[in-house]
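First up is the structure itself, then whatever we jot down about it.
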Ligand SMILES: [Zn+2]
C-alpha cells in the first residue's frame, strides 16, 4: 500500500484544455471522467476511465478516485465529463495538393479533418504516388494526419487489355481497394471480377450509365457512392430528359439529377434497396456534397469560410464550366425546389435501406461544390439526422459501420477494449445536439458559450488538441490568401 501512495505523488493529472498534451506521445496513460458513446448504437455510459497503452484501449473502468488504474498509471488527462466517441471515419475523401492551380500544401486538409474528429480517411482518388508516401508517413507517426486507406480511381470505359494493364499496375502498389467511376457495363463487370479475385473492396461512383445498382448487387460492390445508380435502377426506362439535355454540360447534369429520384418507381426502388441490403452492398450517400443544389445561399455563406477556406478552394468553387461541380452559373429557384423534393425521397430510401438491414456510412467528398474538409463531414452527420436517423445511429454510421465496411471492424470504429485508441473528446453532448461538434468560434446557433467544440482527437493513442490545429489552419489560410492575393469572401 505504501508504494502505491508514493507512486500517486507522481501522478500528473492534466485538465481537458492542457495543450501540453497536444501531439504528446505517451506509451501508457489514462483518460479520466469520460461519458462514452461506444459507436454501436448503444446509449452513452459513464463516467469511465479509459486506459490507453501502446495506442490501444487496454481497459475501461468506472471513474472512481481510488480505482486501481488511477493509482498506477501516472499520466492522466481529465476530460471532466466530456462525451467521448470513437474516431470518425471519412469514407469519401480525396487528398488534394492543389486547387484551381494554387498550391494547397498539407497539413491543411489533415488538420481540418483531425480537428473535426476524423481519425481515418478512405481516399477515393488522388495523386497516388504522393498519397502512398503520405499514407506511410501517417502510419509511422511521422506526420500529424488521419490514418489513410487508398482506393485509387479507375474512370470511364476501357478496352479489356487496357483495364487489365491498369489494374495489374495498381495491384503492385500498397493500395487498399479500388474506386470505379462512371464505367460502362462491360468495363465494370471486368473490373469487378479482377477486384474480387484479389479480394479488393470496391467503391463505385455510378453515374448515369448503362449499368446501375443491379450490376453492383450482382458484382458484390462494397459501397455505392453518392446515389445515382440506385434510382436509376428503379426507372421504367430512361430518365425523362428534355431533348436538349447534354450530360457533358455540368449545369444540365446537376439540374436533371435533381429530378431523378421522383422518376423512380416506388415498388422497383424497394426491390433494389432490399437486394442491396441482402447482398451486403453498403451505401455511402455523401448527402452533404449536393446540399448546395437545394440551398446555394447556405453553402456559399458557410460561417467557417471566413477563417478556414483556402484561396485555391475559393477560386475552384466559383461558377465555371471547367471545374467539376461548379455549375451554379444558371441555377434557378426551380432547380432548388426540385432538389429539395429530391432529398425527401432520398432520405426515405436511406431509411428503407437501413431498415432492410443495409449498412450506411458517412463521407463528405470535400473540395467540391462548396464543401470544406471536416466541416462538410460534420454537416453530413446533421443530414443523416435530417434523414430520420437518431444521433446514436448517426454516430454508428460514422464509426462502427464505416469501420466494418473498411474491413477494419475488429480494430476501428468503437470505444472498446482491444480496439485502437481512436477517440473524439467533445465539450458537450453531441447526442443532444450534433452542432456541438463544430468549433466554438463558429458559434453554433444555440448561443451557449460554455459548451461546444471538439477538444481532443486521439489517433492511435496520441492526442491532438483540436483548437490548436484550427489555429494553425487559420494561419495557413491567412498566409495563402496574402501570397495569392485572393480574398473573395472577406468583408
Ligand atoms: Zn469523390
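The values are calculated or read from the model by the stated rules, or taken from the named source; none is laboratory data. Bear in mind the structure is a predicted one, so any value in this text is a computation, not a measurement. Note that each Cβ is placed from the backbone with ideal geometry, even for glycine, and that neighbours are counted across all protein chains shown.
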Taking the stated definitions as given, is residue 357 crowded, with 17+ Cβ neighbours inside 10 Å and in contact (Cβ under 8 Å) with a residue 12 or more places away in the chain?
-> no
* To do: Evaluate the following for residue 186: is it buried (at least 22 other Cβ atoms within 10 Å of the Cβ) and either out of contact with any helix residue (DSSP H, G or I) (no Cβ under 7 Å at 6 or more places or on another chain) or without any contact (Cβ under 8 Å) to a residue 12 or more places away in the chain (or both)?
  => no
Here the residues within segment 54-101 that are within 16 Å of the ligand (Cβ to nearest atom) and more than 19 Å from residue 122 (Cβ to Cβ) are 99
Within segment 270-287, of all residues that are more than 12 Å from the ligand (Cβ to nearest atom), more than 16 Å from residue 232 (Cβ to Cβ) and crowded, with 22+ Cβ neighbours inside 10 Å, the one nearest to the chain's Cα centre (by Cα) is 287
Does segment 212-229 contain at least one residue that is under 23 Å from residue 388 (Cβ atoms), more than 16 Å from the ligand (Cβ to nearest atom), surrounded by 15 or more Cβ atoms within 10 Å (Cβ to Cβ) and under 24 Å from the mean Cα position of the chain (by Cα)?
yes
Among 393, 335, 365, 410, the single one that is free of Cβ contacts under 8 Å to residues at least 24 places away in the same chain and either in contact with a helix residue (DSSP H, G or I) (Cβ under 9 Å, 6 or more places away or on another chain) or away from the ligand (no atom under 16 Å from the Cβ) (or both) is 410
Any residue at all in segment 123-142 that is under 17 Å from the mean Cα position of the chain (by Cα), on the phi < 0 side of the Ramachandran plot and either at pLDDT below 95 or crowded, with 24+ Cβ neighbours inside 10 Å (or both)?
yes
Apart from one, (1) over 28 Å from residue 151 (Cβ atoms); (2) surrounded by 21 or more Cβ atoms within 10 Å (Cβ to Cβ) all hold for residue 363; the odd one out is (1)
When segment 199-211 is checked residue by residue, the ones that are away from the ligand (no atom under 16 Å from the Cβ) and touching a helix residue (DSSP H, G or I) at 6+ places or on another chain (Cβ under 6 Å) are 210, 211
Apart from one, (1) under 30 Å from residue 154 (Cβ atoms); (2) assigned to a strand (DSSP E or B); (3) modelled with pLDDT under 95 all hold for residue 92; the odd one out is (3)
Residue hits (segment 111-132; within 14 Å of the ligand (Cβ to nearest atom), touching a residue at least 60 places away in the same chain (Cβ under 8 Å) and closer than 23 Å to residue 470 by Cα) are 122
Among residues of segment 76-110 being crowded, with 19+ Cβ neighbours inside 10 Å and free of Cβ contacts under 8 Å to residues at least 60 places away in the same chain, the residue farthest from residue 20 (Cα to Cα) is 95
Note on segment 19-45: residues touching a residue at least 24 places away in the same chain (Cβ under 8 Å) and part of a strand (DSSP E or B) are 28, 29, 30, 31, 32, 33, 34, 35, 36
